[in-house]
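Engineer: If you scroll down you'll find the structure; I have some questions about it.
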Amino acid sequence: MIIAIDGPTASGKGTLSKKLAAHFGLPHLDTGLLYRAVGRQVIVNGGDPDHPEQALEAVAFPDALLDDPVLRNEATGSLASRASVHPAVRQALFERQRAFALQDGGAVLDGRDIGTVIAPDADVKLFITASVASRAVRRFKEMEAKGVSITLAEIEADLERRDARDTGRKDAPLMAAPDAVTIDTSELGIEDAFAAALAAVEAAT
Ligand code: C5P
């Protein structure tokens, strides 16, 4: 069984993907981490993520980078969003994601283009979304807990910039596959969102 999960930043898709993978005993790939590693590696190389060739060179990041906590911060998320615009970067990461999706026994993948590009043949496609306001509040609480000093308005502005870049790019824009089940988590806690996702998976399989 292949479960494809897409959605914008801070929609809850990461948490739901991990919970679904644990529930069904499937391996999980957070594909955003691959783009984050590219964004980070561009900087390590002294390059510019907006430059197509410099971004492409950074696809050769060392695998150990995937475990570096620096990948999780907001600055790396923005670099990832800039580097992921280039079609050659997306193409270079395609096979790795496709092979993960097709491994024996199935897999859960989450990202922006899993149901549309990486695994259009997935058994289940979920599109996890939420209002900018509710995503910003969630992100704000996470940052506060980590002791990061940032305002809610700054977080909202960053989310809107990322959404605009991810949905507006020409190649593999963020969008729901026509056959995806959309779950809006604006008003849902984790357990209710998980129940909705589980019901969608069970209905589709
Ligand atoms: O999901 P996450 O916030 O970690 O992703 C970081 C950035 O990587 C996104 O804003 C998006 O631009 C890019 N990305 C993508 N395609 C994916 C996963 C992430 O373009 N499948």
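Taken together, the values in this text are just the output of simple stated rules run on the coordinates, not laboratory data. These figures come from a predicted structure and were not determined experimentally. Heads up, the Cβs are rebuilt from the backbone with ideal geometry, glycines too, and the neighbour counts pull from every protein chain shown.
Engineer: Relative contact order (percent) for the chain, with alpha-carbon contacts under 8 angstrom and 6 or more residues of separation?
Structural biologist: On the way: 334 pairs, mean separation 67.5, N = 205.
Relative contact order comes out at 33 percent.
Engineer: Next question. Across the range 2-204, how many lysine pairs, 8 or more apart or on two chains, come within less than 25 Å at their alpha-carbon atoms?
Structural biologist: Final tally of qualifying lysine pairs is 11.
Engineer: Another question about this same structure. Give me the dipole magnitude in Debye, nearest 20, for the chain about the Cα centre, with unit charges on the beta carbon: positive for Lys and Arg, negative for Asp and Glu.
Structural biologist: Numbers: 22 positive and 31 negative charges, 40 e Å.
Roughly 200 debye, rounded to the nearest 20.
Engineer: Another question about this same structure. Please compute, for the alpha-carbon atoms of the range 87-203, the extent along each of the three principal axes and give them in descending order in Å.
Structural biologist: 43, 37, 26
Engineer: Let me ask something additional. Could you line up D163, D104 from fewest to most neighbouring Cβ atoms inside 10 Å? Kindly include the intermediate steps, with their values, before the conclusion.
Structural biologist: Numbers: D163 16, D104 5.
Lowest to highest Cβ neighbour count: D104, D163.
Engineer: Averaging over every viewing direction, what projected area does the convex hull of the Cα atoms of the chain cover, in nm²?
Structural biologist: Values: hull surface 43.9 nm².
The number I arrive at for the chain is 11.0 nm².
Engineer: Another question about this same structure. Only Cα pairs within less than 10 Å get springs; with that Gaussian network setup on the chain, which residue of L126, L65, L29 has the largest fluctuation?
Structural biologist: Comparing L126, L65, L29 in the GNM, the peak value goes to L65.
Engineer: What are the residues whose amide H is under 5 Å from the amide H of I183, where those residues sit 5 or more places off or on another chain and H is modelled from the backbone?
Structural biologist: Result for I183 returns F127, I128, T129.
Engineer: Put +1 on the Cβ of each Lys and Arg and -1 on the Cβ of each Asp and Glu in the chain; which of A88, A157, A136 then has its Cα farthest toward the positive end of the dipole?
Structural biologist: Value: A157.
Engineer: Between A195 and V148, 0.36 nm times their residue separation minus their Cα-Cα distance comes to what?
Structural biologist: Numbers: separation 47, 0.36 × 47 = 16.92 nm, distance 3.16 nm.
Extra length available between A195 and V148 comes to 13.8 nm.
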